[in-house]
Amino acid sequence: MLFLVFQIGRNRYALDSRRVVQVLPLLKLKCLPHAPKGVAGVFMYHGAPVPAVDLSELTLGEPAAELLSTRLIVLDYPGSGDQVHLLGLIAEKATEVIRREPRDFVDSGFNIKAAPYLGPVLVDSRGPIQWLREQHLLSQSIQQLLFGSPALLDSAAAAIQELPSG
């Protein structure tokens, strides 16, 4: 199985690449006023507005550094029922993939209720990599904000399209 590896702070994490639609350079986002911590804004992807979450800000309280290796990971985020939504994740050093079997990751022994997205851990020659379970990343209230109100994203999309280019 293929995993996309990235960093949050000094720690490495991995996402199942089957959920990844595309990895983009960091784009300019339209901010959503009064959005909760971690919600970075909205960007246009193939003509549709897509919300973006800054993984560093969401988990550590500090925005991701704007490095050449900081990327916007577009992924299929599972919604309620059979719904799937596009979601952008801002992640540092998102430039590496690894091929591993899921069984290579082992239970960390920790169950942190505030971080249900933290999965099992793999250790390689550079240290640990924790599997990030994207389906548990967003709280219900953030999911409702981002995916429960199409009008919010549509108004943000209109604002993006009105921005001067250049």
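Give region 9-22 a look and list any residue that's open to solvent by less than 60 Å² (accessible area, probe 1.4 Å) and either more than 12 Å from residue 73 (Cβ to Cβ) or in contact with a Lys or Arg (Cβ under 6 Å, 6 or more places away or on another chain) (or both), or say none. Don't jump to the end; show me each part of the working.
Filtering region 9-22 for residues open to solvent by less than 60 Å² (accessible area, probe 1.4 Å) gives 9, 12-17, 20.
Selection gives 9, 12.
Of (1) in contact with a helix residue (DSSP H, G or I) (Cβ under 9 Å, 6 or more places away or on another chain); (2) within 18 Å of residue 42 (Cα to Cα); (3) without any contact (Cβ under 8 Å) to a residue 12 or more places away in the chain, residue 80 satisfies all except one. Which? With (1) in contact with a helix residue (DSSP H, G or I) (Cβ under 9 Å, 6 or more places away or on another chain); (2) within 18 Å of residue 42 (Cα to Cα); (3) without any contact (Cβ under 8 Å) to a residue 12 or more places away in the chain applied to residue 80, the lone miss is (2). Of all residues being farther than 13 Å from residue 88 by Cα and touching a residue at least 60 places away in the same chain (Cβ under 8 Å) in region 31-57, which is most open to solvent (accessible area, probe 1.4 Å)? Just the residue, please. Per the criteria, the residue is 36.
For region 112-138, what are the residues that are open to solvent by less than 50 Å² (accessible area, probe 1.4 Å) and outside any strand (DSSP E or B)? Within region 112-138, 115, 117, 134, 137, 138 qualify. For residue 108, the conditions (1) surrounded by 12 or more Cβ atoms within 10 Å (Cβ to Cβ); (2) in contact with a helix residue (DSSP H, G or I) (Cβ under 6 Å, 6 or more places away or on another chain) all hold with the exception of (2). Within region 139-158, the set of residues being modelled with pLDDT of 85 or more and part of a loop (DSSP other than H, G, I, E, B) comprises just one member, 139. I need the full set of residues from region 1-57 which are under 15 Å from residue 134 (Cβ atoms) and among the basic types (Lys, Arg), in order please. Within region 1-57, 18, 19 qualify.
The values are calculated or read from the model by the stated rules, or taken from the named source; none is laboratory data. Because the structure is a prediction, the values reported are computed rather than measured. Every residue, glycine among them, receives a Cβ derived from its backbone with ideal geometry; neighbour counts consider all protein chains shown. To get the accessible areas, we keep the full protein, side chains included, count just its heavy atoms, and leave off ligands, DNA and RNA. Shrake-Rupley method; radii C 1.70, N 1.55, O 1.52, S 1.80 Å.
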